[in-house]
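Chemist: Let me begin by handing over the structure; questions about it come next.
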Amino acid sequence: MQQKIQNRTWLRFKKNKTAIVPLYFILLTVFVACFAYILSPDSSPNANTIQLEIATQQPGFSCLFFKKYKENIPKTHFLKTLIFGKKPDAELISATQITAVGDSMIVMHIIDEKLTERLAFPIDNNIPDINKHYILKRTFYLGTDRYGRDILSRLMIGARVSLAVGFIAVILSIGIGVLLGSISAYFAGYIDWVITWFINVIWAIPTLLLVFSITSVIGKGFWIIFISIGLTMWVGTARLIRGQVLSLKELEYIQVAKTMGFSSWRIITRHILPNIMGPSIVMAASNFATAILIEAGLSFLGIGVQPPISSWGLMIKENYNFIITNRPMLAIVPGIAIMLIVLAFNLLGNALRDAMDVKGSIK
């Protein structure tokens, strides 16, 4: 019976065209976030290669670079590169022109937009393809920020922060909300009164103000922000689960389970919670989108993740003053990324709600 219900839910979900596109977009974002250091043009940690001489360039900007190799750079294995990136084995020197002359490479190094200087670097002529070894041409498809960093790379790596904060916030909010909501509704009485009072107190405090309070006590940090957001989002879940459990515990099969002497823990975990998975999943999708917005807002205000960690909210903060200049894309691009991922999760949540509606029918 349970398998039949799951099949019907999946069929209703697939029939909803507004659900498939957001699902694919979310899966694509997850893929990019997981393999960001492999896919991004700048694979250095946090894509933090600073080149002030090419700062605030327009999308599609191309530049030549001379690779001045460093010594004693340890090899980084694949898994470590996948998670943390790798330190570059060469310093990139931007140039308008690079020419090999004898055993040297003449580099017209960019100092400013219209100012260059002539530099000469020794090279190894025994290398088969000198140009490929020493010269790199890179295209910045989304331009560069105020520090000359590749916006595309930081956008891809910044997706990790948004997805991570959503994932951790959902785990905390759903876990706490389901636990308190189910206990409050099932046991009722004094326990219900205490938990409901606590829920209403937390509900009355604005989310951002509560996050400010938690971070001021615990401190700033990468994981602290994630935990703080999760600890402020469980209230809505708890209220929803409490209402669901209040209606379920009066049904006949729950009364039969009590008569048979089943423990309260068994009744809650094996007979009640499986029947409220639908609302919990829908709430999780909604909390995911809300957590991303809160993290972006906190980073924009300067109390979220701290530089040089790449975050979409932090990217907007660093470049929002360029909106009124001829470089608006510096702030618009991460803003569009936030908008699309939040919209995708909201549409997915709506589609899951419709698909899990047991009163619905396959047309």
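Every read-out reported here was derived from the displayed coordinates using simple, explicitly stated rules and does not represent laboratory data. Computed from a prediction, not measured in an experiment: that's the story for all the values here. Counting neighbours? That spans all protein chains shown, and the Cβs are built from the backbone with ideal geometry, glycine included.
Chemist: For Lys17 and Asp112 in the same chain, what is the full-extension length gain: residue separation times 0.36 nm, less their Cα-Cα distance, in nm?
Modeler: Working: separation 95, 0.36 × 95 = 34.20 nm, distance 5.03 nm.
Full-extension gain reported as 29.2 nm.
Chemist: Can you give the helix-only mean residue ellipticity at 222 nm for the chain, where every DSSP H stretch with n ≥ 4 adds -39500 (n - 2.57) and the sum goes over all residues, rounded to the nearest 500 deg cm²/dmol?
Modeler: -18500 deg cm²/dmol
Chemist: Here is a follow-up. Can you pull the one-decimal nm distance between simple spin-label points at Phe84 and Asn275, each 7 Å off the Cα toward Cβ?
Modeler: The modelled label-to-label distance comes out at 5.0 nm.
Chemist: How would you rank 222-229, 130-137, highest first, on the average number of other Cβ atoms within 10 Å across their residues?
Modeler: 222-229, 130-137
Chemist: Take each complete run of DSSP H in the chain, measure how far its Cα atoms stretch along the helix's own axis, and keep only those covering 24 Å or more with mean Kyte-Doolittle hydropathy at least -1.0; list them.
Modeler: Long hydrophobic helices here: 17-34, 151-187, 277-301, 329-355.
Chemist: Hand me the trypsin sites (Lys or Arg not before Pro) from segment 1-89 located in a DSSP loop with no more than 14 other Cβ atoms within 10 Å, in residue order please.
Modeler: Passing both the DSSP loop test and the Cβ count: Lys70, Lys75.
Chemist: Hey, got the Cα dimensions of the chain along the principal axes, in Å, largest first?
Modeler: Taking max minus min along each principal axis of the Cα atoms, the chain gives 93, 45, 41 Å.
Chemist: Want the number for Phe121 to Glu53: 0.36 nm per residue separation, take away the alpha-carbon distance, what's left?
Modeler: 22.5 nm
Chemist: So, one more: Which listed residue (Met105, His133, Gly143) has the Cα farthest towards the positive end of the charge dipole for segment 83-163, taking +1 on Lys and Arg C-beta and -1 on Asp and Glu C-beta about the Cα centre?
Modeler: Going by the Cα projections, it comes out as Gly143.
Chemist: Could you pull out which residues in segment 136-174 have an amide N less than 11 Å from a spot 7 Å beyond the Cα of Ser216, following the Cα-Cβ vector?
Modeler: Once the point is set 7 Å along Cα→Cβ of Ser216, nothing inside segment 136-174 turns out to lie under 11 Å by backbone N.
Chemist: Moving on. Please report Asp192, Asp145, Asp129 as a ranked list, fewest other C-beta atoms within 10 angstrom at the top and most at the bottom.
Modeler: Ranking Asp192, Asp145, Asp129 by Cβ neighbours within 10 Å, fewest first, gives Asp129, Asp192, Asp145.
Chemist: State the percent of C-alpha pairs, over all pairs in segment 55-210, separated by a distance greater than 20 angstrom.
Modeler: The share of Cα pairs beyond 20 Å in segment 55-210 comes to 70 percent.
Chemist: Using +1 on the beta carbon of Lys and Arg, -1 on that of Asp and Glu, and nothing else charged, what's the dipole of segment 53-148 about the Cα centre, debye to 20?
Modeler: It works out to roughly 380 debye.
Chemist: While we're looking at this one, here's another question. Could you go through segment 139-148 in sequence order and give the Karplus-derived ³J(HN,Hα) for each residue, using 6.51 cos²θ - 1.76 cosθ + 1.60 with θ = phi - 60°, rounded to whole Hz, and x for Gly and Pro?
Modeler: Taking θ as phi minus 60°, the curve returns 10, 9, 5, 10, x, 10, 8, 5, 9, x Hz for segment 139-148.
Chemist: What number comes out for the charge environment of Ser184, summing +1 per Lys or Arg and -1 per Asp or Glu over other residues with Cβ under 11 Å away?
Modeler: Here the charged neighbours net out to +1.
Chemist: Of the options Leu64, Ala90, Ile123, report the single residue whose Cα projects farthest towards the positive end of the charge dipole of segment 53-148 (beta-carbon charges: Lys, Arg +1; Asp, Glu -1).
Modeler: Comparing the listed Cα positions along the dipole, Ala90 ranks first.
Chemist: Could I ask something else about it? Treating only the Cβ atoms of Lys and Arg (+1) and Asp and Glu (-1) as charged, compute the dipole magnitude of the chain about its Cα centre; round to the nearest 20 debye.
Modeler: For the chain, the charge dipole is close to 1240 debye.
Chemist: Using 0.36 nm per residue, how much length does the chain from Phe35 to Leu246 gain when fully extended, once their Cα-Cα distance is taken away?
Modeler: Working it through step by step, the gained length comes to 71.5 nm.
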